[in-house]
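Student: What follows is a structure written as structure tokens; I'll ask about it next.
Every number in this text was worked out from the coordinates using simple rules, so none of it is lab data. Keep in mind it's a predicted model, so treat the numbers as computed, not measured. Here Cβ is always computed from backbone atoms with ideal geometry, including for glycine, and neighbour counts include all displayed protein chains.
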Amino acid sequence: MKHRLLERLLLSVRVQAVEPVAPRLRRVTLAGPDLSGLSWVAGQHVRLQVADGPTGLDWVLGTLRTYTVWNLDAQGLDLVVFDHGDGPGARWARTVRPGEEVMLLKPQGTFTIRPAAYHLFAGEETAQASFGPMLAALPEDAPVFVRLEVDTPAEHLDLPRRADVGWSYRQGRPAASSETLVQAVRDLDLPAEPGIAYLAGEARTIQMIRRHLVEERSWPRRNVLTKPYWAPGRKGLD
Ligand SMILES: Cc1cc2nc3c(=O)[nH]c(=O)nc-3n(C[C@H](O)[C@H](O)[C@H](O)COP(=O)(O)OP(=O)(O)OC[C@H]3O[C@@H](n4cnc5c(N)ncnc54)[C@H](O)[C@@H]3O)c2cc1C
């Protein structure tokens with residue numbers, strides 16, 4: 001019964017390649033017939049079975065973790081996974097090998113580009129994985145502001161629109177509640193009218209940046225799209 005349920009809910013693919021793209025970031029490429037004809041919008045994510053789950057809904061779906069689609073085309077589905085420690089997702093990306101089967105749910109999510117006078121992106125290491133495809137999806141002349149914070153310059157992903165990206169470095173400080181990222185956004189010389197903001201990554205930092213935009217810059221709340229990816233002590237945030 002478990003097998004039939006899985007077949008209806010999940011796509012089955014194989015790992016084609018696992019490559020380091022920065023010291024703690026790996027690109028995992030998945031491929032297989034189940035991906036053919038799948039559509040996606042930049043910014044959407046998939047949920048992957050990274051380990052078995054013994055009870056409840058987990059018994060059917062296993063332990064799921066969420067990763068943004070970096071690219072999806074005829075060659076396969078690319079994800080970029082940040083190695084932050086010993087959670088099941090990070091462990092999966094560290095140990096998975098080409099040829100292994102992976103089950104996943106179709107691309108989903110509404111954290112995607114909206115029409116706007118200009119676009120503001122802010123986040124940390126994991127946010128790079130969604131900002132890359134979102135930046136690539138924007139028209140070349142769309143005004144863009146990007147503020148990213150990573151631990152060291154070695155953790156940059158190769159992002160489109162490089163000229164628009166401002167980086168800050170934590171140099172060992174934790175990513176949670178990062179005042180320096182909030183300050184980097186505060187320091188931006190933005191147009192007087194609000195644009196659309198896309199905030200992704202650690203939950204409390206995102207809240208702080210949202211508060212800055214809404215309270216200090218008087219942006220309408222609806223102009224700030226947030227996608228908390230993780231929070232200290234929380235597992236499998238989605
Ligand atoms: C919509 C969405 C899209 C996402 N896209 C990506 C993506 O493309 N690439 C990616 O790497 N992650 C992405 N994430 C984040 C990823 O799903 C989480 O980091 C997930 O918790 C990792 O699972 P885990 O099993 O490794 O850790 P968990 O078991 O979930 O957590 C274990 C511990 O690790 C901590 N932790 C989790 N993530 C981080 C982190 N990044 N830095 C520091 N500590 C952390 C948690 O606070 C917890 O204490 C996304 C999340 C969402 C909701």
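Student: When a/c reaches 1.5 or more, the comparison of a/b and b/c decides; with that in mind, is region 2-108 rounded, prolate or oblate per its Cα gyration tensor?
Tutor: Cα axes put region 2-108 in the oblate bin.
Student: Averaging sequence separations of C-alpha pairs under 8 Å and six or more residues apart, then dividing by the length of the chain, give the relative contact order as a whole percent.
Tutor: Contact order relative to length: 18 percent.
Student: Can you give me the Cα centroid spacing of region 67-92 and region 130-144 in angstrom?
Tutor: 20
Student: Now for a different question. 222 nm [θ] for the chain, helices only, -39500 (n - 2.57) per DSSP H run of 4+, per residue, to 500?
Tutor: Theoretical 222 nm ellipticity from helices: -6000 deg cm²/dmol.
Student: How much of the DSSP bridge set in the chain is antiparallel, in percent, rounded to the nearest 5?
Tutor: If I count the DSSP bridges inside the chain, around 60 percent turn out antiparallel.
Student: Of GLY132, GLY123, GLY172, which is the most mobile in a GNM of the chain whose springs link Cα atoms less than 10 angstrom apart?
Tutor: In this elastic network of the chain, the residue with the biggest mean-square fluctuation among GLY132, GLY123, GLY172 is GLY172.
Student: Calculate, in whole percent, how much of the Cα-Cα pair population of region 119-230 lies beyond 19 Å.
Tutor: Considering region 119-230, 38 percent of its Cα-Cα pairs are separated by more than 19 Å.
Student: Mind checking the dipole of the chain: about its Cα centre, +1 per Lys or Arg Cβ, -1 per Asp or Glu Cβ, Debye to the nearest 20?
Tutor: Result for the chain is approximately 660 debye, rounded to the nearest 20.
Student: Let me know the Kirkwood hydrodynamic radius for the chain, please, with Cα pairs as the basis and the value in Å to one decimal.
Tutor: 18.5
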